[in-house]
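A quick write-up on the structure given underneath.
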Amino acid sequence: MKRIRSIFTLLFLWFFCGIVLQAQEPVTITGRVTDESGIRLPGVSIYIKGTQQGTITDLDGNYSIGVTPGDIVVFSFVGFTAQEIQVSDQTEINIEMAEMLIGVDEVVVIGYGTVKKSDLTGSVSSVKGDDLLKIPSSSAEQALQGKVAGVRVTSNSGAPGSSPTVRIRGVGTFGNPDPIFVVDGVILDDITFLNAADIESIEVLKDASSTAMYGSRGANGVIIITTKSGTLGEKSIINLTAGYDLQTIRHYIAMLNAREFAQTVNKITPGTFNNLDLLENTDWQREVYRTVAPIQNYQLSISGGGSKARYYAGVGYFNQEGVIPKSFYERLSIKVNNEYLMNDFIHIGHNLTFSLFDQGSAANVVASTLRAWPTDPPYDEEGNFYGIRGNGNPLASIEYNNNTRDGLRSVGNFYADVSFLRHFTFRSSFGIDLEYADGKSFTPVFFVTPQQQNEETRLSKDRTSRENWLWENTLNFNFERNAHYLDAVIGYTAQKFSSEGFSGSGRNLIRDDIQYLSNDLTDILISNSASVKTMVSYLFRANYVFRGRYLLTATFRRDGSSVFSGDNRWGNFPSFAAGWRVSEEGFFDVPFISNLKIRGSWGIVGNDKVDTNERFTLIQSELGAVFGVNETLYPGSTYGTSGNPLIRWEEANQANGGIEIGLMKNKLTLEMDYYQKVTKDILIDLPLPGHFGNGSFAYVAFNAADVKNRGLEFNISWRDTRGNLFYEVNAVGSTVYNEVIKMGEQTGADNFLLLGSLGNGQNVKRVAVGESIGYFYGYKVDGVFQNQTELDAYPHISTQGVGDFRYVDVNKDGEITPDDRTYLGSPIPDFIFGLDATVRYKGFTLAVDFQGELGQEIYDGKDAIRAGQYNYQKRILDAWDGEGSTNSEPRVTAGGINYSESDWFIHNGSFFRLRSLTLGYDLPSSLTTKLKIERAHVFLRGTNVFTLTEYAGYTPEIGGSVRMNGIDTGVYPVTSVYGIGINLTF
Amino acid sequence: MKTIRSFLYFPILAILLGCSESFLENPPLTTITDETYPANENDAYLVTNAAYNNLRNWWIMGGYPLADIMADDQTKGSENGSNPDLQQFENFSFSPSHAYVLAWYQTLYQSVRQTNIVIEKLPAIPMDEELKSRYIGEAKFIRAYVYFTLVQLWGDIPKITTINPDRTVARSPAAEIYNDIIIPDLEYAAQELPEKSEYGNEDLGRATRGAAKALLARVYLHLHDYPNAQNYAEEVIQSGQYSLDPDWASVFSLEGENGPGSIFEVGAIPLGRSQGGNQYGNTQGVRGTPNWGWGFGRPSWDYINHFETEDPRLDASVIYLGEVLHGVLIEGSDLTSDTTYDGLGNIVEIECYNQKVYVNGATGAQDNWGHNRRVIRYADVLLMAAEAHNENNNPTQALVYLNMVRERARGGNETILPDRTETDKDALRQLIWEERRHELAFETIRYFDLMRQGRMAEVLGPLGFTEGKNELLPIPQQEIDLSEGKMTQNPNWN
């Protein structure tokens, strides 16, 4: 600690002294800025390079600024190439600005700062805010699907308000591989509160050099979201958007109808169904799911700025109903981003979002809908819910399940920037993440069957509050002289996460609609949970550019977290990167290559996503016993699940090499990266051996394994204008290779770890050295025993008979035992890609987005978990029913040995999907200017228009936690969405 | 206010103290950790109470009657074709990766841990020594009971006597478990625990000296150590603490809870599990009309036909369709066949329910959550004494105890259940075993009786029992997988 402080002090003094020695006499220069055709440009930003001093041109394009001879004055304006003039002794400088080549001088947001794209040494991908508006969704991450190389976004549920799973560069860990989000400087785990229309741009930081500034939390990648703000000197712009879409299930799962089901069950128990012709059929999926469900989306924003302030205010309303009745998500979000220039040296500002949300969850009826007997009607003759065989009546579950959640979320920051001594800026920013949410669940009295009933009304309510704050202090040093450019930042941050949850439940409400726990209810139970986590960090980065073509970056972060104890509390995360802009070299003279840069980086980042109290063995109460003549419950408390005091950070060691090429004035750009990431000491929840005494379904976190991810990413763009036609095509692709390379000593397990518990005793996923994380594991099916002779000739499990599967004797020991289970496939795709194209012609815009994944497998859990007689998928019609009938489907059973874990449940999950299709039209200005509208844009759009895949479930995208990744246990159906909308700019 | 203050206070504090470690020190907020618990007399009380709690766990005594369904007295029950997972226990078709086998094993060891906590931690607590010994005695009784269940079901098992065992262990021979844990624990308990009558009213239901001795008798009988079995059974009988309730049927009623013949019971009240309820009664309650439960654990046809004529215990143990109980007509479930026949027209099963878990006056399915599980009864001790005496060549004394049980069952009706007079050892042994079946049905005794009597293959073979294999449950596959090769599987289970 002391050593670090003294190093920083020395560096600071060194730079300071260097600067002070160069003070000279200041002078005022004036001038005018025009474009190439002579039109004056107001609002052009003029600043002295390497400092925060600057001004803007007035409405006539005139400016005046105080400079010191030798300063470099930069003129920059959106859409134009920036110009730099070194001041010697002139007092008037007039500038003619040229429209810029696309791409190279864009500014990219990185952690704790920005950098020009051309100076970037790390691997960062940018997505513009407008690209996020093509998909009507409550979560902005949905729109990233197929847009960023190396990023896999899986919308694993169609439930309203659900967030997709985002994976950056493979799966680096078990516990929680989610990246972190940084919104307005606040570090978050989710962005459910954010309205996509308020987003200016998203930067995805992928390699160690770019994520190192987030140290202990950067291992899974960082997604930085910059929200919109006004521009100085811009007149107010009012923007209004309205969209209305309808969701529909495009693909129903092919289940048996009544007749087919009756015939199938009769094979198990003959005589169960007689008079097949008189059977009524119930198509349960169509009975339960709505045909269409609407989404509505409205926003209004106003932004602009004077010379001393700029502002942005946006209001958005989102309302989605789900295809399963009673599921919905509604959100009102308000965003206010303002900045005030108190004087030339001090800026203060804030970025705030308030979001109110209301969400209704449907009962989890997907499984019971697929299991319900098609021979049973939904209602009986009196109109009551029929006692469906299978797994309960799903319509009754929906009817009697009332589960809602609503609340307020507020995220934002307040900051102040102070510039001094021409080269320094001190910034202090206080960020908050607050959430207050109330949940309620009410169950009325009902009776359908003894196993689907409720004898007393039940009410449970919970209130959770979360208050996180983040205080960041950074000192930025910016210096440029001749061929040297240096941008450095040092900082100190402190962070606290507090949460508290309070819940209560009771039975026997006095009236069903008096849903409060204040009544004289039976058995009021309350529980109260709370946790606190704190972090302290020191950070440092220096970016050095020599002659505009040699780039070096060094980053260091030191984090301390309260989640870990003792020696494991602090972690150090360094990284280095270098780049070479070959195209800037004098010797480089290839005419059609407008940009060529190679870069590389290496670094260590960490992951700390583990439960706050993981290292403790907590005392659990409410473990009482009944004693006494009067039979009373007496309290009891004892140890809960064992904690692990040895847990520590996960550390990801990542190396990255990349090349950026621009051809034909950057009309065609190509960016390619190759990376290798090794994550060590991965935290994973493991089942402990039973003799530890933690009971059933208990898991403890250990630093258990090392995983390697490597891949190749590419991003190709082609954009061009021919007269009135503008077109743009982008393709991204990434390969993923994932391998577990070591198992940790802490667990003692050096063979494998079990994941993917189906809840029936089977674990179908495994972790072992040499294979990808969580690969599927089970028996390999080799055929079906056709007759007794075959049964006797081959090794088989004792309970198997004729018509059952023949499993492969993998270890060739003449027996079929659990040791004959083997690798069956992996849920991690080998290749992820996206392709999008936009064409604009005279006011019409057509945009298509494709995305796809190849090489992943899915385990059909909903087919495999059978605890009773359920309905089947159509494939059972091909079941074995006599010698020679089939060699791939076993005989019909309600459950049992053929439902052991095997590759019969493995399906290819590769898919190719038309993710969105948008057709838009800008109404001609002749029409709009009459109404004082600057731009009116109408559009039709379709989302998830079609999906090509072999998998027969609702969707081939089965994400989820690493433990259950790739297992389809009955996901909420993902829908196709079609709609219209209008966007007006005033 | 507190929130606002913490907003302002912490940042300033943090910057002033630099990298203050105290800012990063955050113990759990809502509970304490094992570092400071148990520390005082109240903690000792709480941690001992918690050791009883797990007995009502679904996987020990709070769920399906797994061992009884495996034996020949109860079938799976409920609807035809439902719960194939449970059906696999009835016909012995389950495998080592069956979820129930794993959960049963894990939950029993959870009780081992909870009792180890008491036994290991209490000695250091400054408190009344007599009370401390009693608490430790109670924990040792429960630990012995749990280990006895483990060792009977699985044979050789890991021997765990500390709170933090090694991660991978090998199985210890069953004999070691008996000699190092079960028997010494029960001997300690027998010495330190008070007799049933010495407990205050609020403590009724805790482990007693009599319970420890009765369990010792059971253990020794299982080990075929008849002299010791006889001694401990005699000590319980001679203590005068217990007697047979003259009304057999009321032994299982609400009024009969903690009755004169109750040696060890698990108390429960008709609420949810965390509030003191036990679902064991509910899983076996009448299904359909009236809606008293799920209907599992159906008395088997073989059991029904096994009784001597007019033994009133049969009617009192089985609820038949058409019976009227406390004014309620038993109609049963529409989705269960009233009578099930085999291919030749013979009855194989009828729809009926376990009356021992019936709570008289039940009005709904929640009532039988209050059923107290009878673990050890005086009648059992009498029959154990009879069996031990017989094996020790005292048929006369054996007959005395046997006939005490029959006399109570007779209920004053001298025309039924005549006293036994057989003195031939082998014949008397059979009579005693039969008496046990009629007296102690559905009390998780039959399965273990057949085990120690060596009759499992003979009696359960027709139900799917495989000799040489099913005498023991398989070690759960997950345990074998996690043991890195240190644990072996039971014979013929691969």
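The values are calculated or read from the model by the stated rules, or taken from the named source; none is laboratory data. Quantities reported herein were computed from a predicted structural model and do not represent experimental measurements. For neighbour counting, all protein chains shown are included, and Cβ atoms are generated from backbone atoms with ideal geometry for every residue, glycine included. Only protein heavy atoms, including side chains, enter the accessible area calculation; ligands, DNA and RNA are left aside. Shrake-Rupley method; radii C 1.70, N 1.55, O 1.52, S 1.80 Å.
Can you confirm whether the range A:302-323 contains a residue that is open to solvent by 10 Å² or more (accessible area, probe 1.4 Å), among the charged types (D, E, K, R) and in a helix (DSSP H, G or I)?
So far as the range A:302-323 goes, no, none of its residues is open to solvent by 10 Å² or more (accessible area, probe 1.4 Å), among the charged types (D, E, K, R) and in a helix (DSSP H, G or I).
Of the residues B:207, B:170, only one is open to solvent by less than 20 Å² (accessible area, probe 1.4 Å), part of a loop (DSSP other than H, G, I, E, B) and within 14 Å of chain A (Cβ to nearest Cβ); which?
Numbers: B:170 fails: open to solvent by less than 20 Å² (accessible area, probe 1.4 Å).
One residue alone meets the criteria, B:207.
I'd like to verify a number: residues in the range B:57-85 that are within 8 Å of chain A (Cβ to nearest Cβ) and under 18 Å from residue B:145 (Cβ atoms), how many?
Final tally of qualifying residues: 2.
Residues to consider are A:250, A:286, A:259; find the one that is surrounded by fewer than 18 Cβ atoms within 10 Å (Cβ to Cβ), basic (Lys, Arg) and touching a helix residue (DSSP H, G or I) at 6+ places or on another chain (Cβ under 6 Å).
Numbers: A:250 fails: touching a helix residue (DSSP H, G or I) at 6+ places or on another chain (Cβ under 6 Å); A:286 fails: touching a helix residue (DSSP H, G or I) at 6+ places or on another chain (Cβ under 6 Å).
Step by step, each of A:250, A:286, A:259 is checked, and only A:259 is surrounded by fewer than 18 Cβ atoms within 10 Å (Cβ to Cβ), basic (Lys, Arg) and touching a helix residue (DSSP H, G or I) at 6+ places or on another chain (Cβ under 6 Å).
When the range B:106-138 is examined, which residues are found to be among the hydrophobic types (A, V, I, L, M, F, W, C), open to solvent by less than 20 Å² (accessible area, probe 1.4 Å) and closer than 26 Å to residue B:220 by Cβ?
B:108, B:112, B:118, B:136
So which strands (runs of 3 or more DSSP E) are wholly in the range A:744-841 and hold at least 1 residues that are modelled with pLDDT of 85 or more?
Numbers: elements: A:752-757, A:763-768, A:775-778, A:781-784, A:805-807, A:822-825, A:831-841.
Per the criteria, A:763-768, A:775-778, A:781-784, A:805-807, A:822-825, A:831-841.
So which residues in the range B:289-328 are surrounded by fewer than 21 Cβ atoms within 10 Å (Cβ to Cβ) and touching a Pro at 6+ places or on another chain (Cβ under 6 Å), if there are any at all?
Once the filter is applied, which keeps residues that are surrounded by fewer than 21 Cβ atoms within 10 Å (Cβ to Cβ) and touching a Pro at 6+ places or on another chain (Cβ under 6 Å), the range B:289-328 yields B:291, B:328.
If I filter the range A:545-565 down to residues being surrounded by fewer than 18 Cβ atoms within 10 Å (Cβ to Cβ) and in contact (Cβ under 8 Å) with a residue 60 or more places away in the chain, which single residue comes out as farthest from residue A:216 (Cα to Cα)?
Going residue by residue through the range A:545-565, those that are surrounded by fewer than 18 Cβ atoms within 10 Å (Cβ to Cβ) are A:546-548, A:550, A:552, A:565.
Then drop every residue that is not in contact (Cβ under 8 Å) with a residue 60 or more places away in the chain, which leaves A:546-548, A:552, A:565.
Details: A:546: 31, A:547: 34, A:548: 32, A:552: 23, A:565: 15 Å.
Looking at residues that are surrounded by fewer than 18 Cβ atoms within 10 Å (Cβ to Cβ) and in contact (Cβ under 8 Å) with a residue 60 or more places away in the chain, I get A:547.
Taking the conditions exactly as written (closer than 30 Å to residue A:720 by Cα, at pLDDT below 75 and loosely packed, with under 14 Cβ neighbours inside 10 Å), does residue A:98 satisfy them or not?
On the way: closer than 30 Å to residue A:720 by Cα: yes; at pLDDT below 75: yes; loosely packed, with under 14 Cβ neighbours inside 10 Å: yes.
When the stated conditions are applied, residue A:98 passes them.
Which of the strands (runs of 3 or more DSSP E) contained wholly in the range A:110-221 include at least 2 residues that are open to solvent by less than 10 Å² (accessible area, probe 1.4 Å)?
Working: elements: A:113-116, A:124-128, A:151-154, A:165-168, A:180-183, A:186-188, A:199-205.
Correct list: A:124-128, A:151-154, A:165-168, A:180-183, A:186-188, A:199-205.
So which residues in the range B:139-166 are touching a Ser or Thr at 6+ places or on another chain (Cβ under 8 Å), open to solvent by less than 40 Å² (accessible area, probe 1.4 Å), within 12 Å of chain A (Cβ to nearest Cβ) and farther than 19 Å from residue B:39 by Cβ, if there are any at all?
B:142, B:143, B:146, B:157, B:158 - these are the residues of the range B:139-166 that are touching a Ser or Thr at 6+ places or on another chain (Cβ under 8 Å), open to solvent by less than 40 Å² (accessible area, probe 1.4 Å), within 12 Å of chain A (Cβ to nearest Cβ) and farther than 19 Å from residue B:39 by Cβ.
Taking the stated definitions as given, is residue B:135 more than 10 Å from chain A (Cβ to nearest Cβ) and assigned to a loop (DSSP other than H, G, I, E, B)?
Values: more than 10 Å from chain A (Cβ to nearest Cβ): yes; assigned to a loop (DSSP other than H, G, I, E, B): no.
No, not satisfied.
Which ones in the range B:346-365 are open to solvent by 50 Å² or more (accessible area, probe 1.4 Å) and away from chain A (no Cβ under 14 Å)?
Within the range B:346-365, the first condition is being open to solvent by 50 Å² or more (accessible area, probe 1.4 Å), and the residues that meet it are B:346-348, B:363.
Listed by number, the residues that qualify are B:346, B:347, B:348.
For residue A:611, work out the one condition from (1) in contact (Cβ under 8 Å) with a residue 24 or more places away in the chain; (2) open to solvent by less than 10 Å² (accessible area, probe 1.4 Å); (3) not in a strand (DSSP E or B) it doesn't fulfil.
For residue A:611, the failing item is (2).
How many residues does the range A:196-226 hold that are more than 19 Å from residue A:148 (Cβ to Cβ) and at pLDDT 85 or above?
2
Given the options B:39, B:103, B:51, name the one that is out of contact with any Phe, Trp or Tyr (no Cβ under 6 Å at 6 or more places or on another chain), closer than 30 Å to residue A:618 by Cα and open to solvent by less than 10 Å² (accessible area, probe 1.4 Å).
Values: B:39 fails: open to solvent by less than 10 Å² (accessible area, probe 1.4 Å); B:103 fails: out of contact with any Phe, Trp or Tyr (no Cβ under 6 Å at 6 or more places or on another chain).
Of B:39, B:103, B:51, the one residue that is out of contact with any Phe, Trp or Tyr (no Cβ under 6 Å at 6 or more places or on another chain), closer than 30 Å to residue A:618 by Cα and open to solvent by less than 10 Å² (accessible area, probe 1.4 Å) is B:51.
So residue A:616 fits all but one of (1) among the aromatic types (Phe, Trp, Tyr); (2) out of contact with any Cys (no Cβ under 9 Å at 6 or more places or on another chain); (3) in a strand (DSSP E or B); (4) crowded, with 20+ Cβ neighbours inside 10 Å; what number is the exception?
With respect to (1) among the aromatic types (Phe, Trp, Tyr); (2) out of contact with any Cys (no Cβ under 9 Å at 6 or more places or on another chain); (3) in a strand (DSSP E or B); (4) crowded, with 20+ Cβ neighbours inside 10 Å, residue A:616 is out only on (3).
Consider only pairs whose beta carbons are under 7 Å apart and that are at least six residues apart or on different chains; among these, list those whose first residue lies in the range A:568-596 and is more than 25 Å from residue A:558 (Cα to Cα) and whose second residue is at pLDDT 90 or above and among the hydroxyl-bearing types (Ser, Thr, Tyr).
Between residues of the range A:568-596 that are more than 25 Å from residue A:558 (Cα to Cα) and residues that are at pLDDT 90 or above and among the hydroxyl-bearing types (Ser, Thr, Tyr), the close pairs are A:580/A:550.
Against the definition (facing chain A (nearest Cβ under 7 Å) and at pLDDT below 95), how does residue B:95 come out, yes or no? First the steps, then the outcome.
Details: facing chain A (nearest Cβ under 7 Å): no; at pLDDT below 95: yes.
Considered against the rule, which asks whether it is facing chain A (nearest Cβ under 7 Å) and at pLDDT below 95, residue B:95 comes out as no.
When the residues of the range A:452-499 are filtered to those that are open to solvent by less than 30 Å² (accessible area, probe 1.4 Å), more than 18 Å from residue A:186 (Cα to Cα) and in contact with an Asp or Glu (Cβ under 8 Å, 6 or more places away or on another chain), which remaining residue is farthest from the other protein chains (Cβ to nearest Cβ)?
A:486
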